[in-house]
Amino acid sequence: MFRRAPGWPAVLSDGPVLLRPYRRSDAAAWSQVRRANREWLAPWESSVPGDWDDLNSPATFRWVYRDLRRSGRTGEGMPFAVCLQEDGVERLVGHINVGNIVRRAFCSGYVGYWVDRRVAGRGVIPTALALAVDHAFGSGGLHRIEVNIRPENRPSRRVVEKLGFREEAYHARYMHIDGAWRDHIGYAMTSEEIAAEGGLLARWHRLRARTP
Ligand SMILES: CC(C)(COP(=O)(O)OP(=O)(O)OC[C@H]1O[C@@H](n2cnc3c(N)ncnc32)[C@H](O)[C@@H]1OP(=O)(O)O)[C@@H](O)C(=O)NCCC(=O)NCCS
């Protein structure tokens with residue numbers, strides 16, 4: 001284990017999108033946004049037995065927070081609260097984590113994310129993913145990032161396809177999501193694939209500038 005995990009803690013931002021480590025004081029905001037988004041999030045999340053409101057209560061956040069903080073400290077993850085800074089107000093609107101980090105000859109991690117339905121379609125998660133990937137490949141010292149997505153999840157597949165992740169695998173019955181073993185499409189990117197473009201955020205800015 002490292003004394004301090006490479007690339008952690010970190011605060012990253014681009015325009016109104018801010019990625020920062022969770023705080024204990026996020027409990028109420030986290031619970032509010034998770035509870036308000038049950039139908040939006042449940043089809044894409046790991047099966048966990050129990051009532052949605054209980055699993056997403058301010059009290060549960062204490063355990064979530066402890067777990068995320070520990071993963072950041074040990075170098076297993078880089079778990080960010082995704083916030084929007086608008087009109088001088090910072091609001092927690094989502095989550096992104098570079099998780100399951102394995103170092104040595106692998107130097108790889110998996111990214112998971114979600115955003116509040118009320119701000120969907122504004123490019124918040126592509127921006128967050130580009131920030132997180134550039135950071136992971138930079139001071140995080142990683143070489144490869146994977147994102148695994150259910151074939152039915154068109155919005156999420158759009159996110160990685162827009163950013164130019166490579167579709168490289170089909171994982172049958174890969175994860176227990178929303179009550180059953182679900183197939184996933186494996187997308188990946190390695191640091192070489194983006195270096196010549198000045199990073200993934202630079203690519204994303206160029207793509208956005210071209211879109212009317
Ligand atoms: C997948 C997700 C994170 C995308 O985040 P986002 O910040 O909205 O990303 P974008 O703004 O780039 O939108 C992605 C696509 O969503 C679709 N979309 C846009 N607005 C939408 C809305 N209001 N509702 C549903 N889908 C919408 C569009 O197809 C868009 O692609 P386009 O830009 O080519 O039109 C978000 O939809 C989400 O949180 N979904 C539920 C949880 C989830 O699926 N997590 C990922 C599991 S792998």
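The values are calculated or read from the model by the stated rules, or taken from the named source; none is laboratory data. Everything numeric in this text was worked out from a predicted model, so none of it was measured. Quick reminder, even Gly has a Cβ in these numbers, built from the backbone with ideal geometry, and neighbours come from all protein chains shown. SASA here: full protein model, heavy atoms, side chains in, ligands and nucleic acids out. Shrake-Rupley method; radii C 1.70, N 1.55, O 1.52, S 1.80 Å.
For this structure, a couple of remarks:
- Between D67, D134, D116, the GNM of the chain built on Cα springs shorter than 10 angstrom shows D67 fluctuating the most.
- Between R117 and T211, the modelled labels are 2.1 nm apart [label points 7 Å from Cα along Cα→Cβ].
- Prolate/oblate/rounded call for the stretch 1-101, Cα gyration tensor, a/c under 1.5 rounded: oblate
- Solvent exposure of the chain as accessible area per residue, Å², 1.4 Å probe: 52
- Proportion of all alpha-carbon pairs of the chain beyond 30 Å (%): 18
- Intensity falloff of the stretch 117-212 expressed as log10 I(q)/I(0), Debye formula with alpha-carbon point scatterers, at q = 0.10, 0.24 Å⁻¹: -0.29, -1.27
- Per residue, the chain reaches -10000 deg cm²/dmol at 222 nm when only DSSP H runs of four or more residues are counted, each adding -39500 (n - 2.57).
- Largest GNM mean-square fluctuation among G15, G72, G99, using the chain with Cα springs under 10 Å: G15.
- Rg(Cα) / (2.2 N^0.38 Å) computed for the stretch 1-53, rounded to two decimals: 1.53
- Note on E192 and V102: their simple-model spin labels are 2.0 nm apart, each label 7 Å out from Cα toward Cβ.
- Neighbour count of at most 14 Cβ within 10 Å plus DSSP loop: longest chymotrypsin sites (Phe, Trp or Tyr not before Pro)-free window in the chain: 107-212
- With R₀ set to 22 Å, the beta-carbon distance separating R91 from A42 gives a calculated FRET efficiency near 0.50.
- Taking Cα centre as origin and charging only the Cβ of basic (Lys, Arg, +1) and acidic (Asp, Glu, -1) residues, the dipole magnitude of the chain rounds to 400 debye.
- Sulfur and carbon atoms: percent of accessible area, the stretch 87-212 [1.4 Å]: 52
- Sites listed here are GluC sites (Glu not before Pro) in the stretch 96-201 whose DSSP assignment is loop and whose Cβ has at most 16 other Cβ atoms within 10 Å: E152, E197.
- Helix screen, the chain: DSSP H segments with Cα axial length of 18 Å or more and mean Kyte-Doolittle hydropathy at least -0.5 are 124-137.
- This model, with +1 at the C-beta of Lys and Arg and -1 at the C-beta of Asp and Glu, gives the stretch 1-88 a dipole about its Cα centre of some 640 debye.
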